[in-house]
């Protein structure tokens, strides 16, 4: 269910990224004999790298924030806790078990994990070749 709620969001950013690719670059590649496959892999995807980075970072962060849909569909983690998620565990510790300190520590650990993942994604994307366009 959460994946379907994010499809429009992701599609909007990729559509904006595709529209931002200058037509002159695509036209030059076509004149040089590039096939549709080569246009995708050698022109469009490399130029969509900043968009892909943004969508991946926000997607990873939002995947750890999933709470409302899981709580509404399967209260208390579902049968035998199979739908227990991090944000739900923090909520249960803070408001049902009244262990606010432990919930705060869990939230800080989640924050540190998300920062580490985001920095790793930033480093991975910064090592890649990007194309500067002077317009």
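Quick look at the numbers
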item	result
When residues of segment 65-80 are limited to those that are in contact (Cβ under 8 Å) with a residue 40 or more places away in the chain and surrounded by fewer than 16 Cβ atoms within 10 Å (Cβ to Cβ), the one farthest from the chain's Cα centre (by Cα)	73
Hey, residue 65 farther than 29 Å from residue 2 by Cβ and touching a helix residue (DSSP H, G or I) at 6+ places or on another chain (Cβ under 8 Å) or not	no
Filter result (surrounded by 14 or more Cβ atoms within 10 Å (Cβ to Cβ) and part of a helix (DSSP H, G or I)) within segment 15-37	17, 25, 26, 29, 30
Selected residue (criterion: surrounded by the most Cβ atoms within 10 Å (Cβ to Cβ)) from residues of segment 85-100 that are over 22 Å from residue 69 (Cα atoms) and touching a helix residue (DSSP H, G or I) at 6+ places or on another chain (Cβ under 9 Å)	99
Out of 109, 60, sole residue that is out of contact with any strand residue (DSSP E or B) (no Cβ under 7 Å at 6 or more places or on another chain), farther than 26 Å from residue 7 by Cβ, modelled with pLDDT of 90 or more and in a helix (DSSP H, G or I)	109
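The values are calculated or read from the model by the stated rules, or taken from the named source; none is laboratory data. Note that this is a predicted model, so its numbers are computed, not measured. Reconstructed Cβ throughout: ideal geometry from the backbone, glycine too, with neighbour counts over all protein chains shown.
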